[in-house]
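The values are calculated or read from the model by the stated rules, or taken from the named source; none is laboratory data. All figures in this text were calculated on a predicted structure; none of them were measured in a lab. Cβ coordinates were reconstructed from backbone atoms using ideal geometry, including for glycine residues, and neighbour counts include every protein chain displayed. Note: accessible area is taken over every heavy atom of the protein model, side chains too, but ligands, DNA and RNA are not part of it. Shrake-Rupley method; radii C 1.70, N 1.55, O 1.52, S 1.80 Å.
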Amino acid sequence: MSRRAVRRLRGEQRAQEEPGLGQLGLDSGSEGPSPAAAGRARRGPARTGVSNRFELIPAEESEDEPPSREEQADAWLGERDAAERSNEGAVTEEAEGDGQRDGEEAEQLEQTPVLSNKPRKKKKKRKTKKTSSGETLEDNDLEDIDSLLEKMEDTNGLSQQSQSGLIADSRPLLYIEHRNLNPENELKRYFGARAVLGDQRPRQRQYVRSTWLTAPKNTWPRYSSTGITMQLLDTRRGAQHFTFKHHREYQQVQFKFLDAVESMDPNNIVPLLEALEPYHVDSLLQLSDVCRMQEDQEMARDLVERALYSLECSFHPVFSLTSGTCRLDYRRPENRAFFLALFKHLMFLEKRGCPRTALEFCKLILSLDPENDPLCVLLLIDFLSLRAREYTFLTRMFQEWESHRNLSQLPNFAFSVPLAYFFLSQQEERSEPELSQARERAAQLIQLALIMFPSVLMPLLDHCSVQPDARVASHSFFGLNARISQPPALNQLTSLYVGRTHSLWKDPAVMAWLETNVHEVLRMVDARDSLVEESEHKRKMRYQSAPRNIYRHIILSEMKEAMAALPLEVTSQPVMGFDPLPPLDSIVSYTRPERTNRPSNESTLSLFFRSLLPNFNLQADIRPDGEEEAGAGQDLNQGVNRLMAAMRDMLANIQFQEPPRDDNPEGDGDWD
């Protein structure tokens, strides 16, 4: 509740404690005004019989905030009314001497001369109505709303501050706030509104839909129906499952896009956006990757934002970004574009210096499918939490999800959570028991992480340009054997974490804290603690092969350290930016028709020789259906003869030139 409403409430309470409004006026036989009436005259017009809270607020309380436009207008009108009443003293005294002041005051207001039409119009709007019970009502909707809010507050017994605190504690873990999805809000907190907006004027643009994920730009084409809609499938266990749907026109554009991708020429995708569909999502994502490879980051980010805008305009009316209960199945090809567009936009935000906004988008991706996590954003959310200094969120997530998701078995959570506790222990505004508890928790978790994943330490120190001491460098537990003996899948996870988050460990205070715990771990290793043997056994049994979503995350992240550790079966297959590593159990709603210009009865041998000799065609002379079977043997012989002739011509054109002989093999030059 606002301070202004609180002051109104206080005024109403004072009005109930003091004598009634009828007793504050003049008696019928009095000749002059009473002190209370004189006080009201100084503050404004003396409106007897009107329940006005504003007149009961003392002058010293109104200094907290400036009066509104309505209050200034009322004060100005009050001064003019007071001046007019002083000129019409006889009429006023006669009205005050009458016993029925309320009815005659209305007649007096009608008989009072005015200088213009505006005060009269204002008085007509502010006129009071008298009910059958004698109470007076004022036609002011704002006061009615405030009175309802005051009654609700009295019944609940909670102030707004306490209510907001309870709401913050009871919010779900993946709750999304709309204001945190706008990167300009975060940049304004860092640099100020003037530095972010500059001299920009509010844009006058018509026919633009209000969106949360991204703001439309004047340079974009005008949006129209693209042929993408969202459909509600069902509701299970409190979650609503949706899916995007492509209409027939959009499917035709999608088929042409696939043909353009197979041509391996990005220039073939541009006509699709210019002529057919300027908001085709897969074309925008594919061209964004091309622009990013060409170092055009601004254009790449703009294309991703346009794809997000197109998808958000097709949302279902029930689909909510903030509830955390809306689901999308990544196995459906129509839904993958939304996941990928959010992830690419997230990466651009992180590079732009907006980690808090990127964290909000990361939570949004995770809320769409928290069980399967198709893009494996769990490998990224800890880094964004530390970058955004959301340490409480990271520790809360670890506490709530550790029991059923085993987050401690991921190297990123094993090292980032104790780092978050360490940063919490450095906050001076916390109490001493909280600081002590955070320090103990940080030391305990970092020691467990070093024992479970010893191969992280040396690469981490190397990236931070820190030379370990002689004891750590010579010990075999953190040596080269720790990295060689671990499974390849674990090597991918550790390489990804070190390459991404090593900058967070460069603080000298963090390094000193890490050094203390490393020596404590070495003491436990030398003492042959049972925890060390158990961790070694877990490393050998687990991490045999990484799931497909981890490979997909590494490809999208483009971390060099992790890309080098990918297996051959992943790197050998083509990876498309609009659909990297599609799921093996995809749910296909429509299929691509067969291309008519592709020969269907051409053998593998013929395709091989066609790749060597583009002009060669084993089935150059196709006869009618009636004669095809009869002359099959003759066609085969002619084809073989043509093949042999072509091979002879190719071998005849190959010329071998003997290299020139050197008469003086030792040479005459000197190498001095």
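So which residues in the range 358-373 are of a type in the set (Asp, Glu) and surrounded by 23 or more Cβ atoms within 10 Å (Cβ to Cβ)?
Once the filter is applied, which keeps residues that are of a type in the set (Asp, Glu) and surrounded by 23 or more Cβ atoms within 10 Å (Cβ to Cβ), the range 358-373 yields only Glu360.
State all residues of the range 571-590 that are touching a residue at least 12 places away in the same chain (Cβ under 8 Å), farther than 17 Å from Leu258 by Cα and surrounded by fewer than 12 Cβ atoms within 10 Å (Cβ to Cβ); if no residue qualifies, say none.
Leu584, Asp585
Residue by residue, here is whether (1) open to solvent by 10 Å² or more (accessible area, probe 1.4 Å); (2) touching a residue at least 12 places away in the same chain (Cβ under 8 Å); (3) within 15 Å of Phe242 (Cβ to Cβ); (4) not in a loop (DSSP other than H, G, I, E, B) holds:
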position	(1), (2), (3), (4)
Leu308	no, yes, no, yes
Leu311	no, yes, yes, yes
His316	yes, yes, yes, no
Lys344	yes, yes, no, yes
Phe348	yes, yes, no, yes
Arg356	yes, yes, no, yes
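Provide a single number: the residues in the range 448-477 that are within 19 Å of Ser416 (Cα to Cα) and of a type outside the set (A, V, I, L, M).
Residues that pass the stated criteria total 7.
Going by the structure shown, is Asp329 acidic (Asp, Glu), over 13 Å from the mean Cα position of the chain (by Cα) and open to solvent by less than 10 Å² (accessible area, probe 1.4 Å)?
no
Among (1) of a type in the set (S, T, N, Q); (2) under 18 Å from Leu366 (Cα atoms); (3) touching a residue at least 12 places away in the same chain (Cβ under 8 Å), which single condition is Ser320 missing?
(3)
Can you tell which of Asp329, Asp259, Asp302 is modelled with pLDDT of 95 or more and more than 18 Å from Ile228 (Cα to Cα)?
The conditions single out Asp302.
Please name all residue pairs, on different chains or six or more residues apart, with Cβ atoms under 8 Å, provided the first residue is in the range 268-296 and is open to solvent by less than 50 Å² (accessible area, probe 1.4 Å) and the second residue is modelled with pLDDT of 95 or more and charged (D, E, K, R).
Close Cβ pairs (under 8 Å, with a partner that is modelled with pLDDT of 95 or more and charged (D, E, K, R)) amount to Tyr279/Arg306; Leu284/Arg306; Leu285/Lys344; Ser288/Arg301; Ser288/Lys344.
Could you grab me the full set of residues in the range 552-576 that are part of a loop (DSSP other than H, G, I, E, B) and farther than 20 Å from Asp373 by Cβ?
Ala564, Ala565, Pro567, Ser572, Gln573, Pro574
Select from the range 415-454 the residues that are open to solvent by less than 10 Å² (accessible area, probe 1.4 Å) and within 21 Å of Cys376 (Cβ to Cβ) and list them in ascending order.
Matches in the range 415-454: Phe415, Ser416, Val417, Leu419, Ala420, Ala449, Phe453.
Can you pull out every residue in the range 394-406 that is closer than 25 Å to Ala509 by Cβ, without any contact (Cβ under 8 Å) to a residue 60 or more places away in the chain and surrounded by 15 or more Cβ atoms within 10 Å (Cβ to Cβ)?
The answer is Leu394, Thr395, Phe398.
Go through Glu153, Glu186 for me and flag whichever is at pLDDT below 50, acidic (Asp, Glu) and either over 30 Å from Leu311 (Cβ atoms) or surrounded by 13 or more Cβ atoms within 10 Å (Cβ to Cβ) (or both).
Criteria check complete, one pass: Glu153.
Report whether or not Phe413 is under 15 Å from the mean Cα position of the chain (by Cα) and assigned to a helix (DSSP H, G or I).
So Phe413 does not fit the description; no.
Keeping to the range 498-539, report how many residues are open to solvent by 40 Å² or more (accessible area, probe 1.4 Å), of a type in the set (D, E, K, R) and in a helix (DSSP H, G or I).
Number satisfying all stated conditions: 8.
Hey, can you tell me all the residues within the range 540-551 that are surrounded by fewer than 18 Cβ atoms within 10 Å (Cβ to Cβ) and in a helix (DSSP H, G or I)?
Lys540, Met541, Arg548
What number of residues in the range 552-570 are open to solvent by 70 Å² or more (accessible area, probe 1.4 Å) and free of Cβ contacts under 8 Å to residues at least 40 places away in the same chain?
Number satisfying all stated conditions: 4.
Here is a list: Ser210, Ser263. Which entry is over 26 Å from Glu360 (Cβ atoms) and among the small types (Gly, Ala, Ser)?
Every option except Ser263 fails the conditions.
If the Cβ limit is 7 Å and pairs must be 6+ apart or interchain, which residue in the range 503-518 that is closer than 17 Å to Phe453 by Cα pairs with which residue that is small (Gly, Ala, Ser) and surrounded by 15 or more Cβ atoms within 10 Å (Cβ to Cβ)?
From the range 503-518, the pairs are Asn517/Ala443.
I need the full set of residues from the range 220-253 which are open to solvent by 90 Å² or more (accessible area, probe 1.4 Å) and touching a residue at least 60 places away in the same chain (Cβ under 8 Å), in order please.
Correct list: Lys245 only.
With the structure loaded, tell me whether Ser465 is within 24 Å of Glu533 (Cβ to Cβ) and surrounded by fewer than 17 Cβ atoms within 10 Å (Cβ to Cβ) or whether it fails that test.
Against the criterion (within 24 Å of Glu533 (Cβ to Cβ) and surrounded by fewer than 17 Cβ atoms within 10 Å (Cβ to Cβ)), Ser465 does not qualify.
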